Amino acid sequence: QVQLVESGGGLVQPGGSLRLSCAASGSISNTYAMGWFRQAPGKQREFVARVSSGGATNYADSVKDRFTISRDNAKNTVNLQMNSLKPEDTAVYYCYANINFSNYWGQGTQVTVSS
């Protein structure tokens, strides 16, 4: 059994920063891609960022140059540093990981950007 647990969400003013973290635990043999999606109220879940096991990164155009994804392979963790946050970044953020060739999701953490 594999679990992903996120932390770091909260309320922040426009222009502020937050750092999300996600830790995978359980019976893990190999961890491949890890990343983040988000879902705003009334909208579909959308891709935010991804990092491969080798460190290659991809970002949605809407967050490029503002968000930075990183991972620690030894600890099976993935982080998302979010800077210059905008109200439209408000959403529930979900981490995911491809572990042992299966996809796993965290429970989600709320990020609210508001003055």
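Structure values in brief
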quantity	calculated
Every residue from the stretch 9-27 that is hydrophobic (A, V, I, L, M, F, W, C) and surrounded by 14 or more Cβ atoms within 10 Å (Cβ to Cβ)	12, 18, 20, 22, 23, 24
Test: residue in the stretch 32-54 that is charged (D, E, K, R) and touching a residue at least 60 places away in the same chain (Cβ under 8 Å)	yes
Any chance residue 34 is among the aliphatic types (A, V, I, L, M) and touching a helix residue (DSSP H, G or I) at 6+ places or on another chain (Cβ under 9 Å)	no
Strands (runs of 3 or more DSSP E) wholly inside the stretch 39-115 that include at least 3 residues being open to solvent by less than 80 Å² (accessible area, probe 1.4 Å) and at negative phi	46-51, 57-59, 67-72, 77-82, 91-99, 109-113
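The values are calculated or read from the model by the stated rules, or taken from the named source; none is laboratory data. Quick caveat: nothing in here was measured; it's all calculated off a predicted structure. Backbone-built Cβ (ideal geometry, glycine too); neighbour counts: all protein chains shown. We work out accessible area using only protein heavy atoms, side chains counted, and drop any ligands, DNA or RNA first. Shrake-Rupley method; radii C 1.70, N 1.55, O 1.52, S 1.80 Å.
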